[in-house]
Amino acid sequence: MEQKDIYILGIESSCDDTSAAVIRNGFLLSNVTASQSVHEAYGGVVPELASRAHQQNIVPVVDQALKKAGITQEQLSAIAFTRGPGLMGSLLVGVSFAKGLALSLGIPIIDVNHLNGHVMAHFIKEEGAEVRQPRFPFLCLLVSGGNSQIIKMNAYNDMEILGQTIDDAAGEAIDKCSKVMGLGYPGGPIIDKLARMGNPDAFSFSKPNIKGYDYSFSGLKTSFLYSLNDWMKEDPNFIEHHKEDLAASLEKTIVDILMKKLQKAAKDTKIKDVAVAGGVSANTGLRNAFIDYGKRYHWNVFIPKFSYTTDNAAMIAITGYYKYLDHDFCSIDLPAYARIEK
């Protein structure tokens, strides 16, 4: 008897990107994302504006994802959606849409942890492309605007957090330092571009002394701000004269902090398969550091495609696919959650 194809529609709406993707038997057919430029003027995501934009975008984005995949909604096996963590107003748009569509089609829904999705981006397969997947257990450095974590993945649905930030996330620190320099939002791509032209050893900033595998970036942020204030007293145009070197030095400091803790975790656990995920994994300095550490410590490194670093529905769909194989569905009354209760 011929096995029926499994089609999973993934929906991601945790912050300011509305995204829908279709996966067939683990292979990506489409991944459509509508980004919101409305937040740039405010220097950060405005939750109320984000949820309104999701309401406008969700129907056309899902429609386009199905069309690009070349299937109808009646062919879907299940709908996977980001349940949390994230902005509650944004999450509710995706969660409500997923539930309504699934009810109308009479198919199951699958809730996905947004952070689990970022890690599972490494398991997305594409037709005609080489597939390199980390083997369980593996370590993953998850770095984004809201999270900096070292995760031991024992199985696709078993995330063991070894260490995490006790205050700001790495991406958050980059955004805030970019804002202080008057460079705009989001700061990540701007700092990355400037850092490529600067000297990473031009300036030094304080590094935290935190025990274990946990991170802290608030001290670095404060050190950066105070240093700038001191330098600008002598030269009011200091930032303009040194922005490339400032960006390169800031990036190097953050990458060093991230990689040293990860290296400690890899040494202690004796795990050689090491991955990176999340929005900050698009950063060139971090990607280069991963390759360097891989050679130095004989790691098998896994770096995601740029399109899978930011929030996207492909990572939600692939996580949903694995949960579908395990018949791990959720009930229709399961609520969204803004944060993970510790």
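The values are calculated or read from the model by the stated rules, or taken from the named source; none is laboratory data. In this text, all values refer to a predicted model and were calculated from it rather than measured experimentally. A quick note on method: Cβ atoms are made from the backbone with ideal geometry, for glycine too, and the neighbour counts reach across all protein chains shown. Accessible surface is based on the protein model in full, side chains and every heavy atom, while ligands, DNA and RNA are left aside. Shrake-Rupley method; radii C 1.70, N 1.55, O 1.52, S 1.80 Å.
Tabulated data for the structure shown
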{"item": "Region 192-305 - charge dipole about Cα centre, Lys and Arg +1 at Cβ, Asp and Glu -1, debye rounded to 20", "result": "720 debye"}
{"item": "Long-range amide H partners of Ser216 with built H, under 5 Å", "result": "Ile166"}
{"item": "Built amide H within the under 5 Å cut-off of Ala78, gap 5+", "result": "Tyr7, Leu9"}
{"item": "Candidates Ser178, Ser30, Ser104: whichever shows maximal mean-square fluctuation once the chain is modelled as a Gaussian network with Cα springs under 10 Å", "result": "Ser104"}
{"item": "Normalised per residue, the volume of the convex hull around the Cα set of region 114-249 (Å³)", "result": "139 Å³"}
{"item": "Estimated inter-spin distance, Asp328 and Phe306, nm [label 7 Å along Cα→Cβ]", "result": "3.2 nm"}
{"item": "Helix axis angle, 284-297 relative to the chain longest principal axis, alpha carbon, degrees", "result": "90 degrees"}
{"item": "Per residue value of the accessible surface for the chain (all protein chains in place, 1.4 Å probe), Å²", "result": "46 Å²"}
{"item": "Region 184-342: proportion of alpha-carbon pairs further apart than 28 angstrom, %", "result": "37 percent"}
{"item": "Label assignment, percent of Cα pairs over 25 Å apart derived from the structure, set (1) 61; (2) 56; (3) 53", "result": "(3)"}
{"item": "P(r) histogram, all alpha-carbon pairs of region 158-200 included - 10 Å bins from 0, percent", "result": "27, 40, 22, 10, 1"}
{"item": "Ranked order, Trp231, Trp299 - accessible area, probe 1.4 Å, largest first", "result": "Trp231, Trp299"}
{"item": "Exceeding the 30 Å Cα-Cα cut-off - candidates Lys179/Lys260; Lys260/Lys305; Lys125/Lys243", "result": "Lys125/Lys243"}
{"item": "Carbon and sulfur %, accessible surface of the chain computed with the full protein complex present, 1.4 Å", "result": "51 percent"}
{"item": "Cα-Cα pairs of region 265-342 separated by more than 15 Å (percent)", "result": "70 percent"}
